[in-house]
Amino acid sequence: MKYIIFNWKSYLNLKESLDLSKTISGFKKSKKFKIISAPNNFFHLALSEKFKKNIFATQNFDLDGRGATTGSLDISHLIENKIKYTIIGHSEMRSNYGETDKIVRKKLELSIENKLIPIVCIGESINIYKSKKTKKFLKGQINTIFKTTQKYDQIILAYEPLWSIGTGLTPELPEIDDICKFLNKILEKYTFKKINILYGGSVNLSNISEILNLQFVNGVLVGSASTKISFINYFK
Ligand code: PGA
């Protein structure tokens with residue numbers, strides 16, 4: 001079974017999010033795909049109350065905690081809204097809000113404590129890719145984010161090259177598979193009940209089948225294409 005994560009970012013308004021969620025709710029239960037939508041945080045309650053069988057993720061939460069923390073999104077509010085999954089360390093959180101691997105590690109710990117299933121994003125810049133240091137860089141990210149002393153329950157790890165997100169560019173298919181295989185290997189020293197490695201970055205209707213056919217890819221994290229009904233219907 002492949003994980004299909006729709007990251008709607010801030011593309012959609014409430015009506016559009018309701019419409020796409022309705023389409024997804026009409027899909028027959030599938031053994032092939034597990035669809036998880038990450039709508040704008042503000043719409044979670046409206047969507048989850050209306051589409052009880054759909055699975056939702058939050059795009060982020062904050063570390064500040066509950067109380068006098070104006071503007072923050074506390075993890076307890078996600079739990080209250082029955083959200084099961086959370087994206088952590090998305091490249092846009094990293095570039096727009098300075099989220100570092102150390103912050104990602106703290107968020108990972110907090111999500112585990114609160115029994116939210118984390119979707120952790122990692123990925124290299126174009127310069128790292130061009131200088132063929134991707135594996136070394138990803139290994140460094142993994143070592144900062146995960147602890148060998150911890151027993152992790154379920155983790156989803158999304159490999160998203162920064163230069164691929166929103167650009168229409170992707171690594172070659174064998175490169176994607178090779179990186180996911182490599183990640184599998186280096187994750188062996190950590191303890192997970194379940195670990196799934198996804199690919200993200202410019203996934204669309206023309207490359208989805210090939211990417212999902214790759215041996216070491218357990219699913220995809222999709223941004224802009226996932227806001228289109230034609231793409232969503234692929235998983236019908
Ligand atoms: P994209 O975004 O599919 O629009 O490239 C992917 C992501 O942000 O995770």
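Within the range 68-75, the presence of a residue that is on the phi < 0 side of the Ramachandran plot and under 13 Å from the mean Cα position of the chain (by Cα) is excluded. Against the definition (touching a Gly at 6+ places or on another chain (Cβ under 8 Å), surrounded by fewer than 19 Cβ atoms within 10 Å (Cβ to Cβ) and closer than 30 Å to Glu16 by Cβ), how does Asp62 come out, yes or no? Judged against the criteria, Asp62 is not a match.
Does any residue of the range 49-64 turn out to be of a type in the set (Gly, Ala, Ser) and modelled with pLDDT under 95? No: the range 49-64 contains no residue that is of a type in the set (Gly, Ala, Ser) and modelled with pLDDT under 95.
Lys136 passes every criterion in (1) away from the ligand (no atom under 16 Å from the Cβ); (2) touching a residue at least 24 places away in the same chain (Cβ under 8 Å) apart from (2).
Evaluating Ser131 against the criteria (1) hydroxyl-bearing (Ser, Thr, Tyr); (2) over 20 Å from the mean Cα position of the chain (by Cα); (3) buried (at least 19 other Cβ atoms within 10 Å of the Cβ) leaves one unmet condition, (3).
Before we move on, is Ile103 among the hydrophobic types (A, V, I, L, M, F, W, C) and open to solvent by less than 50 Å² (accessible area, probe 1.4 Å)?
No.
Taken together, the residues in the range 156-169 that are under 17 Å from the mean Cα position of the chain (by Cα) and either hydroxyl-bearing (Ser, Thr, Tyr) or in a loop (DSSP other than H, G, I, E, B) (or both) amount to 8.
Of all the criteria given as (1) touching a helix residue (DSSP H, G or I) at 6+ places or on another chain (Cβ under 9 Å); (2) part of a helix (DSSP H, G or I); (3) open to solvent by 70 Å² or more (accessible area, probe 1.4 Å); (4) modelled with pLDDT of 95 or more, the one not satisfied by Lys15 is (1). Considering the conditions (1) within 16 Å of the ligand (Cβ to nearest atom); (2) in contact (Cβ under 8 Å) with a residue 40 or more places away in the chain, Gly168 is excluded by exactly one of them, (2).
If I ask for residues that are assigned to a helix (DSSP H, G or I) and surrounded by fewer than 21 Cβ atoms within 10 Å (Cβ to Cβ), which ones from the range 212-231 would you list?
Leu212, Ser224, Ala225, Thr227, Ile229, Ser230, Phe231 - these are the residues of the range 212-231 that are assigned to a helix (DSSP H, G or I) and surrounded by fewer than 21 Cβ atoms within 10 Å (Cβ to Cβ).
In this structure, Asp153 qualifies as in a strand (DSSP E or B) and among the charged types (D, E, K, R).
Give the residues of the range 65-120 that are touching a residue at least 60 places away in the same chain (Cβ under 8 Å) and part of a loop (DSSP other than H, G, I, E, B), sorted by residue number. The one that is touching a residue at least 60 places away in the same chain (Cβ under 8 Å) and part of a loop (DSSP other than H, G, I, E, B): His90.
Among the residues here, Phe182 qualifies as closer than 19 Å to Ser125 by Cα, in contact (Cβ under 8 Å) with a residue 40 or more places away in the chain, open to solvent by 30 Å² or more (accessible area, probe 1.4 Å) and away from the ligand (no atom under 13 Å from the Cβ).
Residues of the range 185-236 being over 27 Å from Lys22 (Cβ atoms), within 16 Å of the ligand (Cβ to nearest atom) and either touching a helix residue (DSSP H, G or I) at 6+ places or on another chain (Cβ under 6 Å) or hydroxyl-bearing (Ser, Thr, Tyr) (or both), which ones? Ile197, Tyr199, Glu210, Val217 - these are the residues of the range 185-236 that are over 27 Å from Lys22 (Cβ atoms), within 16 Å of the ligand (Cβ to nearest atom) and either touching a helix residue (DSSP H, G or I) at 6+ places or on another chain (Cβ under 6 Å) or hydroxyl-bearing (Ser, Thr, Tyr) (or both).
Can you give me the number of residues within the range 185-202 that are open to solvent by 10 Å² or more (accessible area, probe 1.4 Å) and more than 23 Å from Leu116 (Cβ to Cβ)?
5
The values are calculated or read from the model by the stated rules, or taken from the named source; none is laboratory data. Treat the numbers as computed from the prediction; the structure is a model and nothing was measured. No Cβ is skipped: glycine too gets one built from the backbone with ideal geometry, and neighbour counts run over all protein chains shown. We work out accessible area using only protein heavy atoms, side chains counted, and drop any ligands, DNA or RNA first. Shrake-Rupley method; radii C 1.70, N 1.55, O 1.52, S 1.80 Å.
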